[in-house]
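Undergrad: Before I ask anything, let me first share the structure, which is written out below as structure tokens.
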């Protein structure tokens, strides 16, 4: 069986994906809010030849139900602005892709475009963007600009349409300075070729943007945009708007079905195929029994809810030794996925188990390439650098 | 007879300006590097840190400047998202403050407060925010809010914006310890409610108190409203009065307003934005200043800048010839061009008067009204000028911008900083753990009462 080499992503999400992860995280609370903690996690991923890390984010903390006791571990659940966190990590890493989450719902498309472009400059071409929609009325109350009623479940489609408009606006702004717009022509005193800057003229129900951006075209031109998708409609959206999609198959068999569905959704797509990464939670241990026992212990304390409260998809969980998982993942790879996004059940234990245990096993099994010499994230994903849509 | 030791001279505060779009940069000089490549920005920030500068500061604009139906093309332009690029710099510097200029009109308080808190955490207490209300009326075309707020509304919003931000920055307990989480009965971390005429917000802020609690706050307002807002709200006024005489007048006015408002005048610092030109002698520096000014204001830029204010095409004029008459002040200003928040007609009339008084050519006029080569001379002379200006209360220090991108402070750091240190007016090394501590400002900024008044 020969499948093309898989790309590996790791999701960095505080103490880990499992709701009980904070209980076993040896990180002192304050360290969660220090750059050196995050830089060490990114360095671990980079040493382990991980292609890219994503930074989870959400705008606000979940409201505490009235009268509920303080959840233990609550002090370590705060979150940085993920684009800034990625930018701070960028100079401390050399090759890994940095893909922060940023919501499109309450933010300014103009600021989003310049922030991700800036990340692309700071990382010298390693930026991506995981675009999310905020459906939580609590987020709206923190901005005070839109009534909470707009976030009722029946308005979900409109929020997604707005998201499409934001992504389109951001992409146009990224193209609004052609490459080579800065000419520094001493003879004529012109710093800029004014004809290589372009209005974007975005008009939507939600906003209008004249453009151009104030940020020149970034090293990748278009940093890859990722979406999370879990149903055929979302696959369609990803096929129209994204470069990369994170899907949530239940198992290896389902993965083949999901890949087929994503392929089917791309019939109208022009340009390179959508890169499809499966999301998985991993619990690893050198002893398979201990890995199982750890998950059972954690589930006893805080069982992952059947449908996570923040609207995220429940993910398949793989438990065992690195060797066991490499065997299982070979079946996932055979489904035709481009990559896997591994969510450490607990960051402190499972991130090094991925980089030091699982990665060598996947390499030995020929599922991943020995090294990845790519310079930019687009190159790593096999995506050529596009020219600006406005270039003559 | 007893001889009392000489009173120590007043300490100088220094910021390093890094323009992304400015006539202050002589981009035709081969020593001028990219203003957008991270390696350039990193070099500039690390040089300023090697020189023990208090902070590194970025400006902001939210729309590409336009001119005669196209984009303004004769000055450096193209910039980063401030909070994001400064987060990158936090990783490659250890002590220097990192100041973003960010609009209170075209940001929302929850998001910007979170970005400033993120920057303060990531930099371990080095974040600063230069508050601008974005007087350029045309920026709205790029934002959800659209439109434009008039002067009074911009300041009302800015005052409440800062009040919201402080509420959010204070919304977690002072000490979260290293333990399990909140104790029973403790308030919910991050829970807040803010309600005033401009904002009605509630929810939970996602970050604990940052090392400085409040980032350093700066503001550049020069109008009476702007000065009062600054006294109510900020730690530092980023002023345009670099020349000593005007500086002393502004300094006295602001400090008197501070006293009248019940604020310790020493808790608000005044830092004019300035440039310097070094030479082997005063005469040499003067000559260099003349040359550099003509690099900064190229022939093309002299014409374009005058066209912007005169409001008509002057392309057939000689930049080194006489300033043409203004004709109609009401026609002044392409695309709502403003300078320092003043109306275009007022700027035009002031320029015309100045040109006539001094018999300036076009280029001389633009050099005069645009550049601020405040300090000229040998390194020792420049150090003495700065020390003397601060001692004589023309300023508490300066935000200095070199005339080449990225390399602009190299020579200053090598030759002038040691002279300032030798005179005992500038730190030999950083002593504080945070930006506020290094500047010698109270940990929390202005006390809570005054800025609420603006509501």
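Undergrad: Which value results for Rg/Rh of region A:206-272 when Rg is the Cα radius of gyration and Rh the Kirkwood radius based on the inverse mean 1/r?
TA: So for region A:206-272, dividing Rg by the Kirkwood Rh gives 1.10.
Undergrad: Using a ≥ b ≥ c from the Cα gyration tensor of region B:217-348 (square roots of the eigenvalues), is it rounded, prolate or oblate, where a/c under 1.5 gives rounded and otherwise the larger of a/b and b/c decides, a/b for prolate?
TA: Oblate is the answer for region B:217-348, as a/c is 1.5 or above yet b/c matches or exceeds a/b.
Undergrad: Here's a follow-up. Percent relative contact order of region A:288-356, based on C-alpha pairs within less than 8 angstrom and at least six residues apart?
TA: It comes to 28 percent, rounded to a whole number.
Undergrad: As I understand it, the value is the acute angle between the Cα axis of helix A:109-122 and the longest principal axis of the Cα atoms of chain A; what does it come to in degrees, rounded to 10?
TA: It works out to around 80 degrees.
Undergrad: Given only helices, namely DSSP H runs of n ≥ 4 each adding -39500 (n - 2.57), what is the per-residue ellipticity at 222 nm of chain A, to the nearest 500 deg cm²/dmol?
TA: Helix contribution divided over all residues of chain A: -10000 deg cm²/dmol.
Undergrad: Largest first and to the nearest Å, give the Cα extent of region B:87-204 along each principal axis.
TA: 50, 38, 20
Undergrad: Using helices alone, what [θ] at 222 nm do you get for chain B, with -39,500 (n - 2.57) per DSSP H run of 4 or more residues, divided over all residues and rounded to the nearest 500?
TA: -11000 deg cm²/dmol
Undergrad: Please order A:385, B:294 by the number of other Cβ within 10 Å, starting at the fewest.
TA: Sorted ascending by nearby Cβ count, the order is A:385, B:294.
Undergrad: I would also like to ask the following. Any idea what log10 I(q)/I(0) is at q = 0.17, 0.21, 0.23 Å⁻¹ for region A:93-135, Debye with uniform C-alpha scatterers and no solvent?
TA: -0.46, -0.65, -0.75
Undergrad: Next up: I want to verify a result. In a Gaussian network model of chain A, Cα cutoff 10 Å, which of these has the top mean-square fluctuation: A:215, A:188, A:29?
TA: A:188
Undergrad: So between residue A:260 and residue A:149, what do we pick up on full extension, going 0.36 nm a residue minus the alpha carbon distance?
TA: Separation in residues times 0.36 nm, less the Cα-Cα distance, equals 36.3 nm.
Undergrad: Would you give the gap between the C-alpha center of region A:229-267 and the C-alpha center of region A:80-154, rounded to a whole Å?
TA: Going from one Cα centre to the other spans 22 Å.
Undergrad: For region A:260-333, what mean projected area does the convex hull of the alpha carbons give, in nm²?
TA: For region A:260-333, the mean projected area of the Cα convex hull comes to 7.0 nm².
Undergrad: A further question follows. Can you give me the Rg/Rh ratio for region A:155-223, using Cα atoms for both radii and the Kirkwood formula for Rh?
TA: 1.13
Undergrad: Compute the Rg/Rh shape ratio of the protein assembly as shown: radius of gyration over Kirkwood radius, all on alpha-carbon atoms.
TA: Answer for the protein assembly as shown: 0.98.
Undergrad: Two decimals is fine: what is log10 I(q)/I(0) at q = 0.14 Å⁻¹ for chain A, from a Debye sum with one equal scatterer on every Cα and no solvent?
TA: With no solvent term, the Cα-only Debye profile gives -1.32.
Undergrad: Antiparallel versus total DSSP beta bridges in chain A: what percent is that, nearest 5?
TA: 10 percent
Undergrad: Which log10 I(q)/I(0) values does region A:147-301 give at q = 0.18, 0.19, 0.21 Å⁻¹ under the Debye formula, counting every alpha carbon as one identical point scatterer?
TA: Here the Debye-derived log intensity ratios amount to -1.12, -1.17, -1.26.
Undergrad: Follow-up. Once the mean 1/r over all distinct Cα pairs of region A:241-392 is inverted, what Kirkwood radius in angstroms do you read off?
TA: 17.2 Å
Undergrad: Sticking with this structure for a sec: Hey, what's the Cα Rg ratio for region A:61-178 versus the globular rule of thumb, 2.2 N^0.38 Å?
TA: This ratio for region A:61-178 stands at 1.24.
Undergrad: If I stretch the segment between residue B:175 and residue B:282 completely, what's the gain in nm (0.36 nm per residue apart, minus their alpha carbon distance), one decimal?
TA: Contour length minus Cα-Cα distance gives 33.1 nm.
Undergrad: Related question: Take region B:137-179, compute every pairwise Cα distance, and split them into 10 Å bins from 0; I just need the percent in each bin.
TA: Binned Cα distances yield the sequence 23, 31, 23, 13, 9, 0.
Undergrad: Let me ask another. Given the convex hull over the Cα atoms of region B:1-148, what projected area results after averaging over all orientations, in nm²?
TA: For the Cα atoms of region B:1-148, the hull's average projected area reads 13.4 nm².
Undergrad: At 0.36 nm per residue, and after removing the present C-alpha to C-alpha distance, how many nm does the segment from residue A:183 to residue A:301 gain when stretched out fully?
TA: 36.3 nm
Undergrad: For a label point 7 Å from the Cα of residue B:39 along Cα→C-beta, name the residues of region A:123-167 whose backbone N is under 14 Å from it.
TA: So the set is A:123-125.
Undergrad: Give the span of region A:6-90's Cα atoms along each principal axis, as three whole-Å numbers ordered largest to smallest.
TA: Ordered largest first, region A:6-90 gives principal extents of 46, 27, 25 Å.
Undergrad: For chain B, what does the relative contact order come out to in percent, with C-alpha contacts under 8 Å and a separation of six or more?
TA: That works out to 24 percent.
Undergrad: Also: Over all directions, what mean area does the Cα convex hull of chain B project, stated in square nanometres?
TA: Spelled out: convex hull of the Cα atoms, projected over all directions, averaged, 25.4 nm².
Undergrad: Measure nothing but the geometry: give the 0 to 90° angle between the long axis through the Cα atoms of B:151-169 and the longest principal axis through the Cα atoms of chain B, rounded to 10°.
TA: 40 degrees
Undergrad: Could you grab the relative contact order for chain A? Cα pairs under 8 Å, six or more apart, rounded to a whole percent.
TA: After rounding, I find 23 percent.
Undergrad: Would you mind ranking B:269, B:255 so that the residue whose beta carbon has the fewest other beta carbons within 10 Å leads the list?
TA: So the ranking, lowest neighbour count to highest, is B:255, B:269.
Undergrad: Arranged by the count of other C-beta atoms within 10 angstrom, fewest first, what order do B:393, A:74 take?
TA: By the 10 Å Cβ count, ascending: B:393, A:74.
Undergrad: If you don't mind, there's one more thing I want to ask. What FRET efficiency do you get for residue B:10 and residue B:358 if R0 is 30 Å and r is their Cβ-Cβ distance, rounded to the nearest 0.05?
TA: Step by step, r from the Cβ atoms, then E = 0.35.
Bear in mind these aren't lab numbers, they're just calculated from the coordinates by the rules spelled out. Note that this is a predicted model, so its numbers are computed, not measured. Positions of Cβ are generated from backbone atoms using ideal geometry, with glycine treated the same way; all protein chains shown enter the neighbour counts.
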